[in-house]
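Take this structure, written in structure tokens, and hold onto it; I'll ask about it next.
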Amino acid sequence: MISGATRLCGIIGDPIEHTMSPVMHNAAFRKLGLDYVYVPFRVPKGEVEQAVRGMRALNIRGLNVTIPHKTAVMPFLDEVDATAEKIGAVNTIVNDDGVLTGYNTDATGFLRALLERGIDPEWKSVVVLGAGGASRAICSVLAERGSKVVILNRSLERARGLAGEVSASCGNEVSALALDGLNLARALGEAEVLVNATSVGMSPGVDESPVDARLLRPGLVVFDIVYSPLRTRLLREAGEVGAETIGGLDMLVWQGAMALEKWVGVEAPVETMRAEVVRAMGEGED
Ligand code: ATR
């Protein structure tokens, strides 16, 4: 029940109708017995400053931030934590009595998803496919952790740009290659972890995979950040050769859990959040 004491959290972005965050966070609030609600706000490009002023005026406790505002929101916050600053993107805002702090739990959630599986990327060779916003968060957190990162992207120029930025901000050399069969074969030969941070394989293109199945092998950890479908072709083929697989649902749930913990200060009910997303998507996990 919503009462006079109910606290508000939400998400700002555009488009916003397909977000899984309200389902995930409201399930967590219910499970924890907290008097909070989480709602979606469609905030068009160019209106993020007004949205942040609204957050202050309405005393909204927390917001997630998604496309197209993750970078644009930063100048309107009072503080930005060091990881988010390096990445140049914020996906979570915490409002402490009018002091707004920005964080990037896409990055920390990705790392947490790996660590929860007992995989510490420190010193490991990691191949990251893609050079967009998701890849930027992932490459930064990996470089910061001390991984040896190689970025492969369809547009080599974009891969080089991202590698240069991450190398400069993390002081850890990141390399860049064009995403083609030969480079993939070479890079994967030395890699312990493969991350797909492109949109290849995402619904409706579910028959596509960014990697030829013949390049996959047992012992490789394959993390696909795509979560729709839950089991992408890449993950299926990786599983078939005996590679360890981690799906985008893990990253989605962990970025949500880490945001929620900042807002309410208690441990997030991760399994409840995961189950609720799976139910809302109407898919089995296998
Ligand atoms: P996000 O913010 O989610 O990372 P994005 O910035 O649009 O989204 O980036 C999408 C990534 O998927 C890019 O790396 C893109 O490659 P380009 O930089 O060459 O465009 C990659 N991508 C999308 N479709 C692809 C395809 N069919 N083959 C290979 N890479 C693809």
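Work from the charge dipole of the chain (Cβ charges, +1 for Lys and Arg, -1 for Asp and Glu, about the Cα centre) and give the residue of Gly10, Ile151, Phe223 farthest towards its positive end.
Going by the Cα projections, it comes out as Gly10.
Note down the magnitude of the dipole of the chain about its Cα centre, charges +1 on Lys and Arg C-beta and -1 on Asp and Glu C-beta and zero elsewhere, to the nearest 20 debye. Spell out each step's value before the answer.
Working: 28 positive and 37 negative charges, 55 e Å.
For the chain, the charge dipole is close to 260 debye.
Arrange the following residues from fewest to most other Cβ atoms within 10 Å of their Cβ: Leu77, Leu182.
Working: Leu77 20, Leu182 9.
Exposure proxy ranking, most exposed first: Leu182, Leu77.
Using only the alpha carbon atoms of region 1-143, find the Kirkwood hydrodynamic radius as the inverse mean reciprocal pair distance, in angstroms to one decimal.
About 16.2 Å for region 1-143.
Which aspartates and glutamates does Lys148 reach when only Cα atoms under 14 Å apart count, and residues fewer than 8 places away in its own chain are ignored?
Asp120, Glu122, Glu173, Glu190, Glu192
Can you put Met1, Met202 in order of Cβ neighbours within 10 angstrom, beginning with the fewest?
Values: Met1 4, Met202 18.
Ranking Met1, Met202 by Cβ neighbours within 10 Å, fewest first, gives Met1, Met202.
Also, I was wondering about something else. Could you sort out which of Lys45/Lys86; Lys70/Lys262; Lys45/Lys262 sit more than 21 Å apart by Cα distance in this structure?
Listed pairs above 21 Å: Lys45/Lys86; Lys45/Lys262.
Cut-off is 10 Å between beta-carbons; in what order do Cys139, Cys9, Cys170 appear when sorted fewest neighbours first?
Taking fewest neighbouring Cβ atoms as first place, the list is Cys170, Cys9, Cys139.
Among Thr108, Val94, Ala72, which residue has its Cα positioned farthest towards the positive end of the charge dipole of region 37-123, with +1 placed on the Cβ of Lys and Arg, -1 on the Cβ of Asp and Glu, and the dipole taken about the Cα centre?
Ala72
Taking the Cα centre of region 108-246 as origin, work out the dipole magnitude from +1 charges on Lys and Arg Cβ and -1 charges on Asp and Glu Cβ, in debye rounded to 20.
Details: 15 positive and 17 negative charges, 17 e Å.
The dipole magnitude comes to about 80 debye.
Once you have the alpha carbon radius of gyration of the chain, what is it after dividing by 2.2 N^0.38 Å, with N set to its residue count?
Scaled against compact globular proteins, the figure is 1.00.
Any read-out appearing in this document is the output of simple, stated calculations on the displayed coordinates, not a laboratory observation. All figures in this text were calculated on a predicted structure; none of them were measured in a lab. Every residue, glycine among them, receives a Cβ derived from its backbone with ideal geometry; neighbour counts consider all protein chains shown.
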